[in-house]
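The values are calculated or read from the model by the stated rules, or taken from the named source; none is laboratory data. Bear in mind that the values here come from a model prediction, so they are computed numbers and not experimental data. Positions of Cβ are generated from backbone atoms using ideal geometry, with glycine treated the same way; all protein chains shown enter the neighbour counts.
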Amino acid sequence: MPRRLLGLTLGASVALGAAPGVAARAALAQGDGGGSTYTVEIPAKVELAKAGWNATAGISAQGTLASGKKLTVTAGSTNGWALKSGDSSVAYKLGGSGDAGTTYAGAAEKTSWEFATLSGDPQTQPMGVVVDDYASAVPGEYSDTVTFAVAVEDATKSITIGPYTLVYVDGDTWNEL
């Protein structure tokens, strides 16, 4: 039986392939004009070797954030989180943690990463690809494209209790709106 190949393209886009490891890294350098400058790195391509957990080099960010800001990275899939080959598909998820024993059914999906602070040294958050069992899939080359969006957003958090809305400010203070 022919070998099944799985591929996912990552970076500002994401791709999946057949050999383990990250082939390259893609850097996105941006600035929001409000005192924040940053560089974000995500894998340019991920080669998927097996069903279950496939580790990547993660998502890294460095730079400076203006006061009260956070950096968010979100991911979206062209094929609805499925590797496709013609009319056939194999489901997968992006995950924030896992190991060799992680299965598709047991994995928590993660499509958003937050960086509350940045510095001159890269900070890396884990990211992996968890592939469903594809033993009975039709042989072929399967792929998807994942697009990542990077944004600088307000870091405040709020909670509504009855008619009151409280906003968390400066790490230790709640104010009523």
>> Condition first: modelled with pLDDT under 85, of a type in the set (A, V, I, L, M), more than 17 Å from the chain's Cα centre (by Cα) and buried (at least 18 other Cβ atoms within 10 Å of the Cβ). Can you find one or more residues in the range 3-11 that meet it?
In response: yes
>> Quick check on the range 25-79: of everything there that is among the acidic types (Asp, Glu) and within 30 Å of residue 134 (Cα to Cα), which residue is modelled with the highest pLDDT?
In response: 41
> Within the range 75-125, which residues are hydrophobic (A, V, I, L, M, F, W, C) and under 19 Å from residue 46 (Cβ atoms)?
Replying inline: 75, 81, 82, 83, 90, 91, 94, 100, 107, 108, 113
> In the range 93-119, what residues are touching a Gly at 6+ places or on another chain (Cβ under 8 Å), outside any loop (DSSP other than H, G, I, E, B) and not aliphatic (A, V, I, L, M)?
Replying inline: 95, 113
> Does any residue of the range 116-124 turn out to be touching a Leu at 6+ places or on another chain (Cβ under 6 Å) and at pLDDT below 95?
Replying inline: yes
> Being farther than 23 Å from residue 42 by Cα, modelled with pLDDT of 90 or more and not charged (D, E, K, R), is that true of even one residue in the range 144-159?
Replying inline: no
> Under 7 Å by Cβ, and 6 or more places apart or on different chains, what pairs join a residue from the range 35-59 that is more than 20 Å from residue 141 (Cβ to Cβ) with one that is among the aromatic types (Phe, Trp, Tyr) and not in a loop (DSSP other than H, G, I, E, B)?
Replying inline: 42/148; 59/113
> Restricting attention to the range 95-127, which residues are surrounded by fewer than 16 Cβ atoms within 10 Å (Cβ to Cβ), within 21 Å of residue 147 (Cα to Cα) and of a type in the set (D, E, K, R)?
Replying inline: 109, 114
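On the basis of being farther than 16 Å from residue 36 by Cα, among the β-branched types (Val, Ile, Thr) and surrounded by fewer than 16 Cβ atoms within 10 Å (Cβ to Cβ), does residue 64 make the cut? Before you say what the answer is, go through the steps one by one.
Numbers: farther than 16 Å from residue 36 by Cα: no; among the β-branched types (Val, Ile, Thr): yes; surrounded by fewer than 16 Cβ atoms within 10 Å (Cβ to Cβ): yes.
Answer is no for this residue.
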>> Can you report the number of residues in the range 72-84 which are in contact with an Asp or Glu (Cβ under 8 Å, 6 or more places away or on another chain) and over 12 Å from residue 148 (Cβ atoms)?
In response: 6
